[in-house]
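Below is one structure, written out as structure tokens, with a few remarks after it.
The values are calculated or read from the model by the stated rules, or taken from the named source; none is laboratory data. Note that this is a predicted model, so its numbers are computed, not measured. Every residue, glycine as well, gets a Cβ built from its backbone with ideal geometry; the counts of neighbours run over all protein chains shown. Protein only, heavy atoms only, side chains kept; ligands, DNA and RNA dropped before computing areas. Shrake-Rupley method; radii C 1.70, N 1.55, O 1.52, S 1.80 Å.
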Amino acid sequence: MIAAPIPHDEDKRLQALRALLILDTPPEERFNRITAFAAFEFDVPIVLLSLIDDERQWCKSTFGTDFCSSSRDISFCGHAILQDQIMVIEDATQDVRFHDNPFVTGEPHIRFYAGAQLVLPTGEAVGSFCLIDRKPRTLDENDLSILSTLRQMVVTELVANSDKSVDH
């Protein structure tokens, strides 16, 4: 397993994440609707809205799992926030970064992962909106476009939440 490197702008990224005032808050219907839609649209058993803090991956919304958080160093999303494009792992057992990851070798037995970076308007990648399956699969251009749109809906909601917090 290869842990994701720390982004060069980590301090700024963490400051932007914390300014959202969303870490460790209860689930919200506005996010849960998006994760549920993604699960049905892509026919995947697990969808996560994941935020990457300094030492952990924390989920604001999940579908198909009770997963809430994990160490950042074993997260797929820690890798996804470093990508310029949606990170697609068609078969995690065949990827040197993940083949021996505990989420691959044990529950939830991840094979497929697609993580769309949650990039704020100010440029910081604070997490990912990700699709997970227990079997290998691919995404076509249409799928990537839909996932990108859902990611943008999540970012819009994250920023709207932050704007409301600043007003009070």
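Values for this structure:
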| read-out | value |
| --- | --- |
| Table column - 3J(HN,Hα) (Hz), segment 92-102, Karplus curve with 6.51, -1.76, 1.60, x for Gly and Pro | 4, 5, 9, 9, 4, 6, 10, 4, 10, 5, x |
| Dipole magnitude of segment 32-160, debye to nearest 20 (Cβ charges: Lys/Arg +1, Asp/Glu -1, about Cα centre) | 220 debye |
| Per-residue SASA entry for LYS60, accessible area with 1.4 Å probe, Å² rounded to 10 | 10 Å² |
| Heavy atoms of LEU150: accessible area, 1.4 Å probe, square angstrom to 10 | 10 Å² |
| Rounded accessible area per residue of segment 15-168, 1.4 Å, Å² | 47 Å² |
| Förster radius 25 Å - calculated FRET efficiency between THR65 and ILE2 (Cβ-Cβ, nearest 0.05) | 0.60 |
| The chain, accessible surface, carbon-and-sulfur percent (1.4 angstrom probe) | 51 percent |
| Spread of Cα-to-Cα distances over 10 Å intervals beginning at zero, given as percent, for segment 11-61 | 24, 46, 26, 5 |
| Largest to smallest accessible area among LEU82, LEU14 [probe 1.4 Å] | LEU82, LEU14 |
| Degrees separating the helix 141-167 axis from the principal Cα axis of the chain, which is the longest one | 30 degrees |
| Label-point separation, THR149 to VAL96 (7 Å along Cα→Cβ), nm | 3.7 nm |
| Of ILE81, PHE40, ALA4, farthest towards positive along the dipole that unit charges on Lys, Arg, Asp, Glu beta carbons give segment 1-152 | PHE40 |
| FRET E, pair THR25, LYS135, Förster distance 25 Å, beta-carbon r, rounded to 0.05 | 0.15 |
| Cβ-placed point charges (K, R +1; D, E -1), dipole of segment 118-158 about Cα centre in debye, nearest 20 | 200 debye |
| Ranked order, PHE37, PHE129, PHE103 - accessible area, probe 1.4 Å, largest first | PHE37, PHE103, PHE129 |
| Heavy atoms of GLU55: accessible area, 1.4 Å probe, square angstrom to 10 | 140 Å² |
| Derived scalar couplings ³J(HN,Hα) [segment 116-121; Karplus, 6.51 cos²θ - 1.76 cosθ + 1.60; whole Hz; x for Gly, Pro] | 9, 4, 9, 9, 6, x |
| Rounded Å value of the spacing that divides the Cα centres of segment 73-143 and segment 1-56 | 12 Å |
| Net length gained if the chain between GLN15 and THR156 were fully extended (0.36 nm per residue, minus Cα distance) | 48.9 nm |
| Choice from LEU144, LEU131, LEU118 with maximal GNM fluctuation in the chain (Cα, 10 Å cutoff) | LEU144 |
| Cα coordinate range in the chain, projected on the principal axes (Å, largest first) | 47, 32, 29 |
